[in-house]
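Read through the structure below, which is laid out as structure tokens, and then see the notes.
Coordinate-derived values only; no laboratory data. Predicted, not measured: the structure shown is a model, and the values here were computed from it. We place every Cβ from the backbone using ideal geometry, glycine too, and count neighbours over all the protein chains shown.
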Amino acid sequence: MSESVIEEPIVDSEDREIAYRAESSDGGNKAASKQPAMIQKSAGTGRRKQAIARVRIVPGAGGWQINGRALEDYFPNKVHQQIVSEPFDTAGVAGSYDVIARIEGGGVTGQAGALRLGVARALNAADAEASRAALKKAGMLTRDARVKERKKAGLKKARKAPQYSKR
């Protein structure tokens, strides 16, 4: 169904008939339009909680090197692997870049989030025209500002109060 034709007479304000034809655009060529205009190296920094990731992306076959280790070795959990590779899938350039990253601080989830933001920012720096709209719509260019709230005096945790006894 590459073309839909509507042949209905329409009567305008002057009582004359107008025939029109509406053509739908070809939706089969979506993958080609998502390819980047140019593949070049770039860098980005991501932060999440206490973790900081410094990321460089270079044209390649989709390899990962995180603190000198492979993606599967550094993040054995499949959920974390999916989180960090999500910007490439969203931008439609999966397998086009090699990633070299240095991550320090924080825990595993914070490091995965920091790496995801760093990769998204590096992709945006490499080819903003092709990837920025998709990455921004998916919320990958926004830093997650949530951090651990400090413990307050007189409370057991940040907000948890000690048990209250009336008598």
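Yes/no per residue for (1) within 13 Å of the chain's Cα centre (by Cα); (2) small (Gly, Ala, Ser); (3) within 22 Å of ARG143 (Cα to Cα); (4) not in a helix (DSSP H, G or I):
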site: VAL84; (1), (2), (3), (4): yes, no, yes, no
site: PRO87; (1), (2), (3), (4): yes, no, yes, no
site: THR90; (1), (2), (3), (4): yes, no, yes, no
site: ASP98; (1), (2), (3), (4): no, no, no, yes
site: GLY106; (1), (2), (3), (4): no, yes, yes, yes
site: GLY118; (1), (2), (3), (4): yes, yes, yes, no
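Applying a threshold of 9 Å to beta carbon distances and a minimum spacing of six or more residues, or different chains, the list of pairs starting in segment 52-63 at a residue that is under 14 Å from GLY113 (Cβ atoms) and ending at one that is surrounded by fewer than 19 Cβ atoms within 10 Å (Cβ to Cβ) and of a type in the set (Asp, Glu) reads ILE52/GLU104; ALA53/GLU104. Among the candidates ARG150, ARG116, ARG146, the residue that is out of contact with any His (no Cβ under 6 Å at 6 or more places or on another chain), surrounded by 15 or more Cβ atoms within 10 Å (Cβ to Cβ) and basic (Lys, Arg) is uniquely ARG116. What about ARG132, is it within 22 Å of ILE39 (Cα to Cα), without any contact (Cβ under 8 Å) to a residue 40 or more places away in the chain and either part of a helix (DSSP H, G or I) or not aliphatic (A, V, I, L, M) (or both)? The answer is yes for ARG132. Determine if segment 138-151 includes at least one residue that is in contact with a Leu (Cβ under 9 Å, 6 or more places away or on another chain), of a type in the set (Val, Ile, Thr) and not in a helix (DSSP H, G or I). Yes: one or more hits.
Scanning segment 64-73 for residues that are surrounded by fewer than 17 Cβ atoms within 10 Å (Cβ to Cβ) and either in contact (Cβ under 8 Å) with a residue 60 or more places away in the chain or not in a loop (DSSP other than H, G, I, E, B) (or both) yields GLN65, ARG69, GLU72, ASP73. The set of residues in segment 101-113 being surrounded by fewer than 18 Cβ atoms within 10 Å (Cβ to Cβ) and not basic (Lys, Arg) consists of GLU104, GLY105, GLY107, VAL108, THR109. Does segment 147-163 include one or more residues that are touching a residue at least 24 places away in the same chain (Cβ under 8 Å) and under 17 Å from LYS41 (Cβ atoms)? Among the residues of segment 147-163, not one is touching a residue at least 24 places away in the same chain (Cβ under 8 Å) and under 17 Å from LYS41 (Cβ atoms), which makes the answer no.
Against the numbered list (1) in contact with a helix residue (DSSP H, G or I) (Cβ under 6 Å, 6 or more places away or on another chain); (2) surrounded by fewer than 20 Cβ atoms within 10 Å (Cβ to Cβ); (3) under 18 Å from ARG121 (Cβ atoms); (4) not hydrophobic (A, V, I, L, M, F, W, C), PRO87 comes up short only at (2).
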